[in-house]
1. Roughly how many nanometres apart are two label points built 7 Å out from the Cα toward the Cβ at residue 134 and residue 75?
2. Carbon and sulfur together cover what percent of the accessible area of the stretch 26-162 at a 1.4 Å probe radius?
3. Ignoring everything except DSSP H segments at least 4 long, calculate the 222 nm mean residue ellipticity for the chain; use -39,500 (n - 2.57) per segment, divide by total residues, nearest 500.
4. Could you provide, to the nearest whole Å², the per residue accessible area of the chain with probe 1.4 Å?
5. Which lysines, on any chain, are close to residue 129 with Cα under 28 Å apart, when same-chain ones fewer than 8 places away are left out?
6. For residue 43 and residue 121, what is the calculated FRET efficiency with R₀ set at 41 Å and r taken between the beta-carbons, to the nearest 0.05?
7. Output the relative contact order of the chain, whole-number percent, from Cα pairs under 8 angstrom with separation of 6+ residues.
8. Could you calculate, for the stretch 76-126, the ratio of the Cα radius of gyration to the Kirkwood radius, expressed as Rg to Rh?
Amino acid sequence: RQFGAQIDAAIQRRVERVLSNNRAAYGLVLRARFLYMSGFRSDWYEAFAKYSEALELDPNYAAAHVGVMMVRSDIGFDQPPRTVQPEIYDRAIRLLSLDDTVFTAYTRVVGKLLFYDRDWDSAQKVIEKMMADWPEVDFEWAIWFRNIGRTNQAQHHHERLKQRPNPGAYEAQY
């Protein structure tokens, strides 16, 4: 807007969810990402605190919700999955109510449905919805289809993945 360009209202809302209009929250998310990506488990707790602080400043900040979800998934290894997974699932559902385009939130929903609820039918419905929105994420589809026993579909996506210039690269989403 600063340059006089017109931005579609839907796109502007998406930008605000991803980037936040709150500079302090945005700065906290950047520092939290750095800490989380360090790979040092000791930094994950500080990253979690910074993501959480960013959410206090901007409760609708999707990137901060994703960060909390990701770090909580890793920190959760210290606790029983039945304790951690419902919390991660609830956060994913809340995030999807704010922004239904967050791939990572869908992966957490599917993970809980498959591995903790053993609700294969519901998981497959979420996977099919994700595939409609992100058909190119063959790495993810190969894994999910293998997990639900659909090996022919998994093999199809695995073969598509091998055709890529860098088949070992994970398609990062949000």
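The values are calculated or read from the model by the stated rules, or taken from the named source; none is laboratory data. Here the structure is a predicted model, which means the values were calculated and not measured. All Cβ positions, even for glycine, are placed from backbone atoms using ideal geometry, and neighbour counts span all protein chains on display. When the accessible area is computed, the model is the full protein with side chains, heavy atoms only, and any ligands, DNA or RNA have been set aside. Shrake-Rupley method; radii C 1.70, N 1.55, O 1.52, S 1.80 Å.
1. The answer from the label model is 2.4 nm.
2. Values: 3800 of 6960 Å².
Using a 1.4 Å probe with all protein chains present, the stretch 26-162 comes out at 55 percent carbon and sulfur.
3. On the way: 9 runs with 124 residues, N = 174.
The helix contribution divided over the chain gives -23000 deg cm²/dmol.
4. Heavy-atom accessible area per residue stands at 58 Å².
5. 112, 162
6. It comes out at approximately 0.55.
7. Numbers: 165 pairs, mean separation 24.2, N = 174.
Over the chain, the number comes to 14 percent.
8. 0.98
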